[in-house]
Amino acid sequence: MSLPGNRITGNGTSITENDLWLLSFYRSSEINGALFFGRIARTIRGPLQIDVTHHFSDEANHANWWTQCIDGLDHLPIKLGRSYQDRYLDAIGVPANLMEVMAITQVFEKRVIAQYRQHLRMPATHPAVRETIEKIMIDERWHVAYVNQALKEMGDKYGADRISETLARFDAADKDIYAETLAEYGERAEFLAEQSEIRSQR
Ligand SMILES: [Fe+2]
Ligand SMILES: [Fe+2]
């Protein structure tokens, strides 16, 4: 299966216009992740400082790898409007404390992993794209793991119930934002809609 859209060629390789849109969407999303964690890394104190700074550097690396991947396919990233993360901040407001930062991160990282995993299931995925996703997934798995652990350890300070309630609230916001993104991008986001269907059938 391949993505819909006109096929565009460059440098002996060929991807569709919608493929290029999706890779540009990934790149932009990773850049915004890096900017978000860069701000947190600048101010955070305490034991999470090391992990959050590492996280910031990973997301910047991912943006770099997507940029190189797109360049290797002989294309330029497409300019995109508001990012997925901007929509999060609009929907839930700026996180009020470190627990909220970790909670929104957990919801978002799970979304990212599901998205990349779904992309890897597509047999027609270009080898360069596959290689980039596989490389990124190693880091994304660690992000979910350390954030999960951090949230568990915050139970004493914030209360397990409050943490679960926050996660549920952010999860609901994530579903709304996803639906909004699908509606806005139409055909471009058909691939995302397929993922959404698979998730709702689980
Ligand atoms: Fe990433
Ligand atoms: Fe990540």
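Observations, loosely collected:
- Boolean, ARG27 is more than 25 Å from ALA172 (Cβ to Cβ), charged (D, E, K, R) and without any contact (Cβ under 8 Å) to a residue 12 or more places away in the chain: no
- Extreme residue, modelled with the lowest pLDDT, among residues of segment 132-190 that are charged (D, E, K, R) and under 12 Å from GLU109 (Cβ atoms): ASP174
- In summary, LYS175 fulfils each of the numbered conditions (1) crowded, with 18+ Cβ neighbours inside 10 Å; (2) out of contact with any His (no Cβ under 6 Å at 6 or more places or on another chain) with the single exception of condition (1).
- Of the residues making up segment 50-100, just one is open to solvent by 60 Å² or more (accessible area, probe 1.4 Å), modelled with pLDDT under 90 and within 25 Å of ASP156 (Cβ to Cβ), namely VAL94.
- Flag if VAL107 is buried (at least 20 other Cβ atoms within 10 Å of the Cβ), more than 18 Å from PHE170 (Cα to Cα) and at pLDDT 90 or above: no
- Any hit, segment 87-110, residues being out of contact with any Phe, Trp or Tyr (no Cβ under 6 Å at 6 or more places or on another chain) and farther than 17 Å from PHE36 by Cα: no
- Test result for ILE113, at pLDDT below 95, among the β-branched types (Val, Ile, Thr) and closer than 16 Å to GLU131 by Cα: yes
- Test: residue in segment 156-166 that is under 18 Å from the mean Cα position of the chain (by Cα) and more than 16 Å from ASN32 (Cα to Cα): no
- The residues in segment 136-155 that are within 15 Å of the chain's Cα centre (by Cα) and of a type in the set (Asp, Glu) can be counted, and the count is 2.
- Residues that are open to solvent by 20 Å² or more (accessible area, probe 1.4 Å) and among the aliphatic types (A, V, I, L, M), drawn from segment 115-143: LEU120, ALA124, ALA128, ILE138
The values are calculated or read from the model by the stated rules, or taken from the named source; none is laboratory data. Quick caveat, the model's predicted, so the values are computed rather than measured. Neighbour counts run over all protein chains shown; Cβ positions are idealised from the backbone, glycine included. The accessibility values were calculated without ligands, DNA or RNA, using every heavy atom of the protein model including side chains. Shrake-Rupley method; radii C 1.70, N 1.55, O 1.52, S 1.80 Å.
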